[in-house]
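Undergrad: Structure below; questions to follow.
The values are calculated or read from the model by the stated rules, or taken from the named source; none is laboratory data. Predicted model, so just to flag it, every value in this text is computed and none were measured. Cβ: placed from backbone, ideal geometry, glycine included. Neighbour counts: every protein chain shown. To get the accessible areas, we keep the full protein, side chains included, count just its heavy atoms, and leave off ligands, DNA and RNA. Shrake-Rupley method; radii C 1.70, N 1.55, O 1.52, S 1.80 Å.
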Amino acid sequence: GVWSMDEEMIDLMKKSGCVRLHFPVESGSQYVLNSIIKKPLNLERVKKLITYCQKINLYHSMFLVIGMPGEKLSDMWESFKFAAECGCFTPHISVATPYPGTQLYENCLKNGYFAKPFSLDDLFIRGFLIKTPDWNEEDLKRTLFKGILYLKLKSIIAQPSKIIEYARKIILRPSRF
């Protein structure tokens with residue numbers, strides 16, 4: 001896991017042929033990691049490891065999950081901001097999905113957090129199955145959309161040469177934007 005990774009291990013990974021490293025961060029909010037996901041991960045440590053990847057020119061990114069019960073919209077924004085601070089402008093962002101048999105599923109069932117009647121057909125990373133007293137399906141969709149735009153803007157600010165790349169993509173495939 002990330003909690004046991006260090007610069008020496010990253011060096012060994014790169015020397016063995018690793019060309020890409022995706023950090024399973026899940027959340028850029030230390031509160032969410034500690035209290036909701038219960039993942040023993042220190043975000044400052046992750047930031048240092050990502051900085052090291054940049055130093056040795058090893059492609060890096062991260063996995064994020066938004067929409068966990070107990071998470072606030074502001075916590076989700078902390079994830080987007082953390083990714084931008086780390087220079088990960090295209091993280092893989094999943095929406096929390098309550099699979100049957102998991103603690104998340106039981107929590108959603110017990111607390112009435114399903115946004116619609118449960119169906120196995122809705123089990124994919126952008127199913128938007130959960131609503132909580134703090135946010136609903138539309139809030140979550142809007143936050144995800146704005147978060148992705150925020151990361152694109154931060155990418156352009158950090159790497160102005162990306163403007164040409166984005167303009168080319170818009171011209172070639174305007175329906176994607």
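Undergrad: Please go through (1) open to solvent by less than 20 Å² (accessible area, probe 1.4 Å); (2) assigned to a helix (DSSP H, G or I); (3) not aromatic (Phe, Trp, Tyr) for MET9 and return the number of the only condition it doesn't satisfy.
TA: Of everything listed in (1) open to solvent by less than 20 Å² (accessible area, probe 1.4 Å); (2) assigned to a helix (DSSP H, G or I); (3) not aromatic (Phe, Trp, Tyr), MET9 misses just condition (1).
Undergrad: On the given criteria, is ILE130 touching a Pro at 6+ places or on another chain (Cβ under 8 Å) and either open to solvent by 40 Å² or more (accessible area, probe 1.4 Å) or touching a residue at least 40 places away in the same chain (Cβ under 8 Å) (or both)?
TA: Details: touching a Pro at 6+ places or on another chain (Cβ under 8 Å): yes; either open to solvent by 40 Å² or more (accessible area, probe 1.4 Å) or touching a residue at least 40 places away in the same chain (Cβ under 8 Å) (or both): yes.
Yes.
Undergrad: Considering only residues that are touching a helix residue (DSSP H, G or I) at 6+ places or on another chain (Cβ under 7 Å), over 17 Å from ASN136 (Cβ atoms) and open to solvent by 30 Å² or more (accessible area, probe 1.4 Å), which ones fall in region 61-76?
TA: Selection gives nothing.
Undergrad: Looking for something among the hydroxyl-bearing types (Ser, Thr, Tyr), free of Cβ contacts under 8 Å to residues at least 60 places away in the same chain, over 21 Å from MET68 (Cβ atoms) and in a loop (DSSP other than H, G, I, E, B) - is there at least one such residue anywhere in region 36-51?
TA: Scanning region 36-51, I find no residue that is among the hydroxyl-bearing types (Ser, Thr, Tyr), free of Cβ contacts under 8 Å to residues at least 60 places away in the same chain, over 21 Å from MET68 (Cβ atoms) and in a loop (DSSP other than H, G, I, E, B), so the answer is no.
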